[in-house]
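No lab work stands behind these numbers, since they all come straight from the coordinates. Values in this document were obtained by computation on a predicted structure and should not be read as measured data. Here the Cβ is made from the backbone with ideal geometry for all residues, glycine too, and neighbour counts use every protein chain on show.
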Amino acid sequence: MRPKPSVSGNPQSVSLVLTADSCTLKGATIAQKPAAKLALAKLVKRGHAELLRRKASPFTQSGEYREATAPITQHERNICRLAFMDPHLQRQILQGEAPYRVKPATVIKRPIPLAWADQRQWLENLAATDPC
């Protein structure tokens with residue numbers, strides 16, 4: 001039986017611990033999978049880190065929201081959007097277990113549906129039209 005992943009964190013950092021067949025990347029643990037899946041996991045992690053840095057993360061303490069800053073470039077905004085994806089999809093991506101292979105650049109350039117229920121289909125469509 002595989003151990004369940006766990007997420008813990010404080011307002012300044014987030015720690016993700018996965019199974020024994022994983023590697024560490026700048027404080028987060030990401031399962032060892034093909035390069036495209038690892039790159040997508042890095043982007044999700046980067047989105048969370050960027051929101052924390054800008055004091056705009058769900059992990060930001062309520063008194064610090066007035067100090068929040070918006071991402072300046074469209075590229076930064078696109079990366080930050082990944083932190084608001086369906087948590088189940090984020091967990092799959094971070095574990096390298098997402099059932100689709102898609103280029104990370106494609107994910108960043110295409111608008112993400114707001115509804116969590118639509119996001120899985122969106123990723124499947126991206127994988128079908130622009131696979132790794």
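Quick notes on this structure:
- Residues (under 18 Å from Asp130 (Cβ atoms) and either buried (at least 18 other Cβ atoms within 10 Å of the Cβ) or in contact with a helix residue (DSSP H, G or I) (Cβ under 7 Å, 6 or more places away or on another chain) (or both)) located in the range 86-108: Leu89, Ile93, Ala98, Tyr100, Arg101, Val102, Lys103, Pro104, Thr106, Val107, Ile108
- Enumeration of residues in the range 58-92 that are under 14 Å from Pro113 (Cα atoms) and not in a helix (DSSP H, G or I): Met85, Asp86
- Subset of the range 56-85 that is crowded, with 17+ Cβ neighbours inside 10 Å and more than 11 Å from the chain's Cα centre (by Cα) - its residue that is nearest to Ile108 (Cα to Cα): Asn78
- The residues in the range 109-123 that are surrounded by 15 or more Cβ atoms within 10 Å (Cβ to Cβ) and either in contact with a Lys or Arg (Cβ under 7 Å, 6 or more places away or on another chain) or not hydrophobic (A, V, I, L, M, F, W, C) (or both) can be counted, and the count is 5.
- Complete set of residues in the range 33-59 that are more than 15 Å from Arg81 (Cα to Cα) and touching a Pro at 6+ places or on another chain (Cβ under 6 Å): Ala39, Phe59
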